[in-house]
Amino acid sequence: EHAAQGKFLSESPKVQYVVDDGRRWLLANPTESFDVILMWPLHAAHAPSGRLFSLEFFAIVRQHMNDGGLLFARS
């Protein structure tokens with residue numbers, strides 16, 4: 001039953017699930033834009049994940065967000 005709760009997300013053509021280095025992926029895909037970006041990065045103390053908590057990274061994310069977009073970063 002729990003798997004069925006999120007099934008609509010995994011089957012939606014509007015959802016793109018990417019497991020990669022977020023910074024590298026965004027830089028390699030400059031034309032992609034999103035309404036929502038969800039991230040579960042390692043803690044900032046774990047090198048090189050600290051790069052995901054920089055002002056430069058958040059500027060890169062902003063370039064990929066649609067108007068009114070949302071970034072959720074769980075740490």
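The values are calculated or read from the model by the stated rules, or taken from the named source; none is laboratory data. Small disclaimer: the values here were computed from a predicted structure and weren't measured. All Cβ positions, even for glycine, are placed from backbone atoms using ideal geometry, and neighbour counts span all protein chains on display. Just the protein is used for accessible areas: all its heavy atoms, side chains included, with ligands, DNA and RNA removed. Shrake-Rupley method; radii C 1.70, N 1.55, O 1.52, S 1.80 Å.
Which one is modelled with the lowest pLDDT, of the residues in segment 33-73 that are more than 19 Å from Leu9 (Cα to Cα), open to solvent by 70 Å² or more (accessible area, probe 1.4 Å) and outside any helix (DSSP H, G or I)? Selected residue: Ala47. Cβ separations smaller than 7 Å between residues 6+ apart or across chains give the following pairs from segment 13-27 residues that are free of Cβ contacts under 8 Å to residues at least 40 places away in the same chain to residues that are of a type in the set (D, E, K, R) and part of a helix (DSSP H, G or I): Arg23/Arg51.
Scoring Pro30 on the criteria (1) open to solvent by 80 Å² or more (accessible area, probe 1.4 Å); (2) at pLDDT below 95 leaves a single failure, condition (2).
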